[in-house]
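Novice: Starting off with a structure, shown below.
Read-outs: derived from the displayed coordinates by stated rules, not from any lab. None of the values given here were measured: they were computed from a predicted structure.
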Amino acid sequence: MQRNLERREFLATGVAMGALGLGAASTAIAAETKSASAPLIQPGWNILFQGDSITDAGRKKDASAANDQAALGGGYAFLAAAELLVDHPDADLKIYNRGISGNKVHQLAERWQQDCIDLKPNVLSVLIGVNDIWHGLNGQYDGTVETYRDDYRKLLERTKQELPEVKLVVCEPFVLRCGAVTDKWFPEFDKYRAAAKEISDEFATVWVPFQTMFDDAVKLAPPEHWAGDGVHPSPAGNALMAYTWMKCVNAA
């Protein structure tokens, strides 16, 4: 009975506090109250999710219409989009997913005109980074954390030049210690997380701390419950990500 109570309390309140970080919890609550009259999501806006396979989540590439379930995939982006459309049924939101499996930052840049700029997003959410290190570990890429940071900075600079009013959401790259994720990922992976946070701070974006969220989640269930291979979220992991993304965006 006590274990069930702990689980309910975690899902009700713990994720929001843990994902934002205990030190930032009061700040987030204050920000949510302050922004109540001017929320980040506005009627008629375009919202774009960008990234790699975690965002892609099996979306149909030949389905490009806004708010189309097949085009949104089966991951956190779809779940967050569904909640946005429920929360704002009369807002005429147009939500897109343009994540592509295997992408690194420089590959986002190669398709950025068509898959970002031309869509004219008012809110752009980016989750990228795991392939930048993973493909280096398996010998398919020779980029470094400095490459990642520089490419990310150039991408967001270009975005702000083309879309000066866009609201940016940077999501923390994450891994769980299971499956493909072994000790050889560390401490290098933590440098990529730090680089993403540095970019978020530099561009004053909304920050979504997915690694912190999963670090809290594994206190309740093993890593495999949230991401069987340590990288790609399970249904539970995707639901947790969508919940946390919404909390952070609503508090912006």
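Novice: P(r) of the stretch 2-250 in 5 Å steps, Cα pairs, percent per bin?
Specialist: Distribution as computed: 1, 6, 13, 19, 20, 19, 13, 6, 2, 1, 0 percent.
Novice: May I pose another question? Determine which lysines satisfy two conditions relative to Lys94: a Cα distance under 19 Å, and not lying fewer than 8 residues away in the same chain.
Specialist: Lys60, Lys61, Lys120, Lys167
Novice: I want to verify the translational diffusion coefficient of the stretch 137-252 in µm²/s; compute it with Stokes-Einstein, Rh as the Kirkwood radius over Cα pairs, at 4 °C and 1.567 mPa s.
Specialist: Roughly 84 µm²/s, to the nearest whole number.
Novice: Please compute the contact order of the stretch 2-250 in relative form: average sequence separation of alpha-carbon pairs under 8 Å and at least six residues apart, divided by the residue count, as a percent.
Specialist: Working: 378 pairs, mean separation 58.8, N = 249.
Once normalised by length, the contact order is 24 percent.
Novice: Can you spot the lysines whose alpha carbon is less than 21 Å from Lys191's alpha carbon? Ignore those fewer than 8 places along the same chain.
Specialist: Reachable lysines: Lys104, Lys154.
Novice: Give the separation of the Cα centroids, the stretch 122-192 to the stretch 38-79, in Å.
Specialist: Distance between centres, Cα-based: 19 Å.
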